[in-house]
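Some notes on the structure that comes next.
Every number here is computed from the coordinates shown, using simple stated rules; none is lab data. For clarity, every value in this text was computed on a predicted model and none was experimentally measured. Here the Cβ positions follow ideal geometry from the backbone for every residue, glycine too, while neighbour counts run over all protein chains shown.
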Amino acid sequence: MFVLSILLLIAAAVLFFVGRGTDRRGLKLGSAGALLAGLFAAISSCVHIVSAYEVGVPVAFGKVGSPMTSGMNVTSPFTNVTTFSTRPVDLNLSDKDVVEVRSSQGGVMYAEVTVKWAVTPAKAVELYRLAGSEDAIQQRLVFPDSREIIRNVFARHTSEEGYASAREKINTEIADLIKERLAPRGIAVTTVNLRNVKPSDQLQSQIDRKIQQQQSTERATEAARTAKAEAEQRRIEAEGLARANKILSDSLTDKVLMNQCIEAFKQAAAKHPVYAVPCGGGNGTPVIVDGTKKN
């Protein structure tokens, strides 16, 4: 723009002198128009507008200036301004960029992670020196550092924790470490989302075998528990029956047995005449029961 303004001013001067020498009105009007256009181009080359949600880094003759906020900024005509968006940007580590990680046991898994980051306006100059552009910031800083931290965190956990039981804890550890790593460089990490962890085919086979072994162990444990409970029930029943028999044996004396025998045959004699029954002690003395008599 500055070069254009110089050319327009030169053209205005040439038209002015030519028009004055020939006294042609058209050349004078052309000179005035070129002059106005040259002045406008010169002013425009000294003004740079930074859009909302952006920060600019001015560079003039190889020297980096202070960050430029959104709005109109006055610069020298020889200044180039590189802008960075301050809106959050998503780094999606999935598909071809999925992170291959290993657990503390050596199991291979594939982690899909989204890192949401943004440029800190006050650190724009440092980021320009480190990377040079917004795309370079993601490729040279956010991308490699995030992958390294993700691998390091998974390496401290078992395979089962990585794909199942400790997903939230691992997500928090990754987020904290990425924020800690990138914040001093001027990159504000707002969100880290561990979206999915997929075991490798070999690890999945190991997981399936482990699940089958656990199920077999649980079935065997349940069968042993059931057998033990049944054996305990039988033992309790046997002990109860033994105690009942002992109580009955202790209570059945010879006199009690004699009396029960007589009573039983009295009932039988009610239907029959007098007859002898073998009740009595060990001497076998018969007892005469007369069913015709009433007691």
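Listing for the model above:
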item: Candidate aspartates and glutamates - alpha carbon under 15 Å from Lys179, same-chain residues fewer than 8 apart omitted; result: Asp90, Asp145, Glu148
item: Ascending count of other beta-carbon atoms within 10 Å, so fewest first, for Leu141, Leu194, Leu130, Leu241; result: Leu241, Leu130, Leu141, Leu194
item: Environment charge of Ser85, counting only residues whose C-beta is closer than 9 Å and scoring Lys/Arg +1, Asp/Glu -1; result: -1
item: Violating pairs (Cα-Cα greater than 28 angstrom) within the set Lys116/Lys198; Lys96/Lys123; Lys63/Lys116; Lys63/Lys96; result: Lys96/Lys123; Lys63/Lys116; Lys63/Lys96
item: FRET efficiency, Tyr53 to Asp97 (Cβ-Cβ, R0 45 Å, nearest 0.05); result: 0.95
item: Separation in nanometres of the label points that stand 7 Å from Cα toward Cβ, at Ser104 and Met72; result: 6.2 nm
item: Under 14 Å, Cβ to Cβ, from Val197 - net charge with Lys/Arg +1 and Asp/Glu -1; result: 0
item: Packing-based exposure ordering (other Cβ within 10 Å, fewest first) of Thr172, Thr191; result: Thr191, Thr172
item: Share of Cα-Cα pairs in segment 89-199 lying beyond 24 Å, as whole percent; result: 24 percent
item: Relative contact order (%) - segment 138-246, alpha-carbon pairs under 8 angstrom, separation at least six; result: 20 percent
item: Kirkwood-Stokes translational diffusion coefficient of segment 134-229, alpha-carbon pairs, 20 °C, 1.002 mPa s, µm²/s; result: 131 µm²/s
item: Partners for Lys210 among aspartates and glutamates (Cα-Cα distance below 16 Å; same-chain residues under 8 apart left out); result: Glu160, Glu161, Asp201, Glu218
